[in-house]
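In what follows, a single structure is set out as structure tokens and then discussed.
The values are calculated or read from the model by the stated rules, or taken from the named source; none is laboratory data. Small disclaimer: the values here were computed from a predicted structure and weren't measured. Note: ideal-geometry Cβ built from the backbone for every residue, glycine included; neighbour counts use all protein chains shown. When the accessible area is computed, the model is the full protein with side chains, heavy atoms only, and any ligands, DNA or RNA have been set aside. Shrake-Rupley method; radii C 1.70, N 1.55, O 1.52, S 1.80 Å.
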Amino acid sequence: MKLLLFIILQVSSPLQKLKNFIDSVQNDTELKNGILSATIRSTTNGEYKLLVNSEKSVNSASVLKLVSTATALSVLKPEFRYKTFFEYDGRIIDSTLHGNIYIRGTGDPSFGSSRVGIDYNTIFDEVISKIKHLGINKIDGYVLGDGTIFPENSIADTWVWGDIGNYYG
């Protein structure tokens, strides 16, 4: 029986796999007094791809995530992508950069997060490879983060400092 289920899961579509997973979570004893609801809708044609308990009135997991996501999609548009720039100044003499390397971000909240993209180790391995490709083996200067895209005091005085380390901080 387990082999048959394994084979069925392997040949089914990613959407069907997700539906099967949602069904298994919904039927789990941990959720016996709760409810799970999920909706996936195509951004190109508006067609509903997945409806699970869509007729139920349930609280969102995090309502503000819905508001900020809708705002970002409305203002920035779905095709928007953040850019992070790695730049240098000075001169390269005998494989030594006599200057600085700058990491100039544009506010990407997911930069380096393995939850939503490439983790920071992979990013920096690639950057180091490109620096070496430029003929730089030593830096006589600094590696500096450039946060000038943000105003001077970008953290409100009322912020709970214990939350800074959380993924949304």
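Scan region 58-76 residue by residue and report those that are among the small types (Gly, Ala, Ser) and assigned to a helix (DSSP H, G or I).
Looking only at region 58-76, we keep the residues that are among the small types (Gly, Ala, Ser), and these are 60-62, 68, 70, 72, 74.
Passing the criteria: Ser68, Ala70, Ala72, Ser74.
Restricting attention to region 139-154, and to residues there that are of a type outside the set (A, V, I, L, M, F, W, C), exposed (fewer than 11 other Cβ atoms within 10 Å of the Cβ) and touching a strand residue (DSSP E or B) at 6+ places or on another chain (Cβ under 9 Å), which single residue is farthest from His98 (Cα to Cα)?
Of all residues in region 139-154, those of a type outside the set (A, V, I, L, M, F, W, C) come to 140-142, 145-148, 151-154.
Still in the list and also exposed (fewer than 11 other Cβ atoms within 10 Å of the Cβ): 142, 145, 148, 151-154.
Add one more test, that the residue is touching a strand residue (DSSP E or B) at 6+ places or on another chain (Cβ under 9 Å), and what stays is 142, 145, 148.
On the way: Tyr142: 9, Gly145: 18, Thr148: 23 Å.
Applying the filter and picking the extreme gives Thr148.
Would you pick out the residues in region 34-57 that are more than 23 Å from the chain's Cα centre (by Cα) and part of a strand (DSSP E or B)?
The first filter runs over region 34-57 and keeps only residues more than 23 Å from the chain's Cα centre (by Cα), leaving 34-36, 45-48, 51-57.
Tyr48, Leu51, Val52 - these are the residues of region 34-57 that are more than 23 Å from the chain's Cα centre (by Cα) and part of a strand (DSSP E or B).
Pull up region 38-49, narrow it to residues that are open to solvent by 50 Å² or more (accessible area, probe 1.4 Å) and polar (S, T, N, Q), then point me to the one that is nearest to Leu73 (Cα to Cα). Even if it seems obvious, please write down each step before you answer.
Let us first name the residues in region 38-49 that are open to solvent by 50 Å² or more (accessible area, probe 1.4 Å), namely 39-41, 43-45, 47-49.
Subset that is polar (S, T, N, Q): 39, 43-45.
Details: Thr39: 18, Thr43: 11, Thr44: 13, Asn45: 16 Å.
Among them, the one singled out is Thr43.
Do you know which residues across region 84-106 are more than 16 Å from Leu144 (Cα to Cα) and either in a strand (DSSP E or B) or touching a residue at least 24 places away in the same chain (Cβ under 8 Å) (or both)? Don't jump to the end; show me each part of the working.
The first filter runs over region 84-106 and keeps only residues more than 16 Å from Leu144 (Cα to Cα), leaving 91-96.
Once the filter is applied, which keeps residues that are more than 16 Å from Leu144 (Cα to Cα) and either in a strand (DSSP E or B) or touching a residue at least 24 places away in the same chain (Cβ under 8 Å) (or both), region 84-106 yields Arg91, Ile92, Ile93, Ser95, Thr96.
Take the residues in region 107-124 that are open to solvent by less than 60 Å² (accessible area, probe 1.4 Å) and polar (S, T, N, Q), then tell me which one is farthest from Gly147 (Cα to Cα). Before you say what the answer is, go through the steps one by one.
Let us first name the residues in region 107-124 that are open to solvent by less than 60 Å² (accessible area, probe 1.4 Å), namely 107-108, 110, 112-113, 117, 119, 123.
From what's left, polar (S, T, N, Q): 110, 113.
Details: Ser110: 15, Ser113: 18 Å.
Result: Ser113.
Among (1) under 30 Å from Gly105 (Cβ atoms); (2) hydrophobic (A, V, I, L, M, F, W, C); (3) open to solvent by less than 80 Å² (accessible area, probe 1.4 Å), where does Val75 come up short?
(3)
Is at least one residue of region 92-106 open to solvent by 90 Å² or more (accessible area, probe 1.4 Å) and on the phi < 0 side of the Ramachandran plot? Give the steps one after another, and end with the answer.
Pass one, region 92-106, residues open to solvent by 90 Å² or more (accessible area, probe 1.4 Å): 94.
Add one more test, that the residue is on the phi < 0 side of the Ramachandran plot, and what stays is none.
Scanning region 92-106, I find no residue that is open to solvent by 90 Å² or more (accessible area, probe 1.4 Å) and on the phi < 0 side of the Ramachandran plot, so the answer is no.
Looking at Ser12, Ser24, which is the one that is open to solvent by less than 60 Å² (accessible area, probe 1.4 Å) and either modelled with pLDDT under 90 or not basic (Lys, Arg) (or both)?
Being open to solvent by less than 60 Å² (accessible area, probe 1.4 Å) and either modelled with pLDDT under 90 or not basic (Lys, Arg) (or both) holds for just one of Ser12, Ser24, which is Ser12.
Taking region 111-160 as the search range and keeping residues that are among the aliphatic types (A, V, I, L, M) and part of a loop (DSSP other than H, G, I, E, B), which one is nearest to the chain's Cα centre (by Cα)?
Val116
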